[in-house]
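J.: Here you go, one structure.
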Ligand SMILES: [Zn+2]
Ligand SMILES: [Zn+2]
């Protein structure tokens, strides 16, 4: 009878030891997820909705291309068209919670508003450059970021921001996914690299 509490104690200690890494992980999340202004990531299915795969699923998700709805959401981005000049980026409302709430607030909360560099843009009713296929931008389902430093065909990401400082792949890591990114697919590894390009569909 005298031994039992000891065993229980040992068991409790081992459970505690097992929990230590878990507790550290759990506590690490709020520091990433909570900002000074009370902003928290929304990683629910609304915050990070299902990402379609292929043309049919893309059209099922976003509807017809080049419509009013294709650009019915917008977010004010720093250095959108000129360094340190904010401008609106337009895209499909399916992505509003992820792009406007998660991603934009993420950059702001991290104090990295100088990481964006012109230009930044979303909706654009056009063909893929050099192709007869419609660009994902026509559905408002792709957002180009820092394109003046990351042109089509460049096989690396230039992470220098509007302040001239290197931010590495900070911005791509925020856009792409899964967690801690936000599930946009990055075009950098295509046979024709498109480092500026982040789209919310795969296999198209
Ligand atoms: Zn997040
Ligand atoms: Zn693009």
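J.: When both residues are 6+ apart or on different chains and their Cβ atoms are under 8 Å apart, which pairs have a first residue that lies in the range 139-154 and is in contact (Cβ under 8 Å) with a residue 60 or more places away in the chain, and a second that is part of a loop (DSSP other than H, G, I, E, B) and near ligand 2 (Cβ under 10 Å from one of its atoms)?
T.: Note: pairs meeting the criteria are 140/122.
J.: Read through the list (1) assigned to a helix (DSSP H, G or I); (2) out of contact with any strand residue (DSSP E or B) (no Cβ under 7 Å at 6 or more places or on another chain); (3) within 15 Å of ligand 2 (Cβ to nearest atom), then give the number of the only condition that residue 105 fails.
T.: Only one criterion is unmet by residue 105, namely (3).
J.: Another question about this same structure. Here is a list: 123, 170. Which entry is under 17 Å from the mean Cα position of the chain (by Cα) and either surrounded by fewer than 22 Cβ atoms within 10 Å (Cβ to Cβ) or over 20 Å from residue 76 (Cα atoms) (or both)? Give the derivation first.
T.: Numbers: 123 fails: either surrounded by fewer than 22 Cβ atoms within 10 Å (Cβ to Cβ) or over 20 Å from residue 76 (Cα atoms) (or both).
One residue alone meets the criteria, 170.
J.: Restricting the search to the range 148-167, which residues are closer than 21 Å to residue 192 by Cα and more than 16 Å from the chain's Cα centre (by Cα)? Don't jump to the end; show me each part of the working.
T.: To start, the set of residues in the range 148-167 that are closer than 21 Å to residue 192 by Cα comprises 148-159.
148, 149, 150, 151, 152, 153, 154, 155, 156, 158 - these are the residues of the range 148-167 that are closer than 21 Å to residue 192 by Cα and more than 16 Å from the chain's Cα centre (by Cα).
J.: To continue, here is another question. Please work out if residue 155 is assigned to a loop (DSSP other than H, G, I, E, B), away from ligand 2 (no atom under 13 Å from the Cβ) and under 22 Å from residue 74 (Cα atoms).
T.: So residue 155 does not fit the description; no.
J.: Taking into account only those residues within the range 187-199 that are crowded, with 22+ Cβ neighbours inside 10 Å and either over 13 Å from the mean Cα position of the chain (by Cα) or in a strand (DSSP E or B) (or both), which is nearest to ligand 1 (Cβ to nearest atom)? Don't jump to the end; show me each part of the working.
T.: Of the range 187-199, the ones crowded, with 22+ Cβ neighbours inside 10 Å are 194-199.
Among the residues that remain, those that are also either over 13 Å from the mean Cα position of the chain (by Cα) or in a strand (DSSP E or B) (or both) are: 194-195, 197-199.
Numbers: 194: 23, 195: 22, 197: 20, 198: 14, 199: 18 Å.
Top of the filtered list is 198.
J.: Working only within the range 130-147, note down all residues that are more than 9 Å from ligand 2 (Cβ to nearest atom) and out of contact with any helix residue (DSSP H, G or I) (no Cβ under 8 Å at 6 or more places or on another chain).
T.: 130, 131, 132, 133, 134
J.: What's the number of the condition residue 87 fails, among (1) touching a residue at least 24 places away in the same chain (Cβ under 8 Å); (2) within 19 Å of residue 141 (Cβ to Cβ)?
T.: Of (1) touching a residue at least 24 places away in the same chain (Cβ under 8 Å); (2) within 19 Å of residue 141 (Cβ to Cβ), only one is false for residue 87: (2).
J.: So residue 173 ticks every box in (1) free of Cβ contacts under 8 Å to residues at least 60 places away in the same chain; (2) within 20 Å of residue 82 (Cα to Cα); (3) within 16 Å of ligand 1 (Cβ to nearest atom) but one. Which box is left unticked?
T.: Checking residue 173 against (1) free of Cβ contacts under 8 Å to residues at least 60 places away in the same chain; (2) within 20 Å of residue 82 (Cα to Cα); (3) within 16 Å of ligand 1 (Cβ to nearest atom), the one that fails is (2).
Coordinate-derived values only; no laboratory data. Values in this document were obtained by computation on a predicted structure and should not be read as measured data. Quick reminder, even Gly has a Cβ in these numbers, built from the backbone with ideal geometry, and neighbours come from all protein chains shown.
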